[in-house]
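The values are calculated or read from the model by the stated rules, or taken from the named source; none is laboratory data. Source: prediction; values computed, not measured. Accessible surface areas use protein heavy atoms only, side chains included; no ligands, DNA or RNA. Shrake-Rupley method; radii C 1.70, N 1.55, O 1.52, S 1.80 Å.
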Amino acid sequence: MNSGLRLSHYGSDPVLDATLYRSVVGAMQYATITRPEIAFSVNKVCQFMHSPLQSHWVAVKRILRYLAGTTLDYGLHLKQASHFHLEAFYDVDWAFDLDDRRSTTSFFIYFGYNLVAWQSKKQTTISRSSTEAKF
């Protein structure tokens, strides 16, 4: 997903076939099991399944082009490591959602070279500052 793209419940025309939108987005949810790099994008377009707009459909097609493009060899690959170390990465976007102003929290945990846990979810409360969002 384009990093500057901010989807909303308002702003463009409804899609002609909402059933097709739901079917494609539902199928992409299964792809996130082995393709964690699209988890955030798929989660974002899933938030509009009840009333999808043309701007949401454009975002879905962009994800599909990414999957069909040069990323066919991407995925979760397990590698044997000569040494074991644990690394964790964490990030929060502050009030990114235009509709409810909630922040999204994400983390990734690596054991050696292997990704063992990841999550991206919208926070349950609204943060008043970026520091509060990270806390």
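Any idea what % of Cα-Cα pairs in region 1-85 are farther than 20 Å? Don't skip to the end; give the middle numbers.
Details: 1376 of 3570 pairs.
The calculated P(r) of region 1-85 puts 39 percent of pairs beyond 20 Å.
Just how much of Arg62 is accessible, in Å², when a 1.4 Å probe is used and the result is rounded to the nearest 10?
Counting only protein heavy atoms, Arg62 exposes about 120 Å² to solvent.
Work out, step by step, the length gained on full extension between Thr19 and Arg6: first 0.36 nm times the residue separation, then minus their alpha carbon distance; give nm to one decimal.
Values: separation 13, 0.36 × 13 = 4.68 nm, distance 2.30 nm.
Full extension of this stretch gives 2.4 nm more.
Report the gain in length on full extension from His83 to Arg65: 0.36 nm times residue separation, minus Cα-Cα distance, nm rounded to one decimal.
Numbers: separation 18, 0.36 × 18 = 6.48 nm, distance 3.71 nm.
Length gained, His83 through Arg65: 2.8 nm.
Counting only the heavy atoms of the protein chains, how much of Ser55 is accessible to a 1.4 Å probe, in Å² to the nearest 10?
For Ser55, the solvent-accessible surface is approximately 40 Å².
Heavy atoms only, probe 1.4 angstrom, no DNA, RNA or ligands counted: give me Tyr66, Tyr30, Tyr74 ranked by accessible area, highest first.
Order by accessible area, largest first: Tyr30, Tyr74, Tyr66.
Take Phe111, Phe84 and sort them by solvent-accessible surface of the protein heavy atoms, 1.4 Å probe, largest at the top. Don't jump to the answer; show the numbers that get you there.
Working: Phe111 95, Phe84 150 Å².
The most accessible residue leads, giving Phe84, Phe111.
For Lys122, tell me the accessible area in Å² from a 1.4 Å probe, rounded to the nearest 10.
Solvent-accessible area, nearest 10 Å²: 60 Å².
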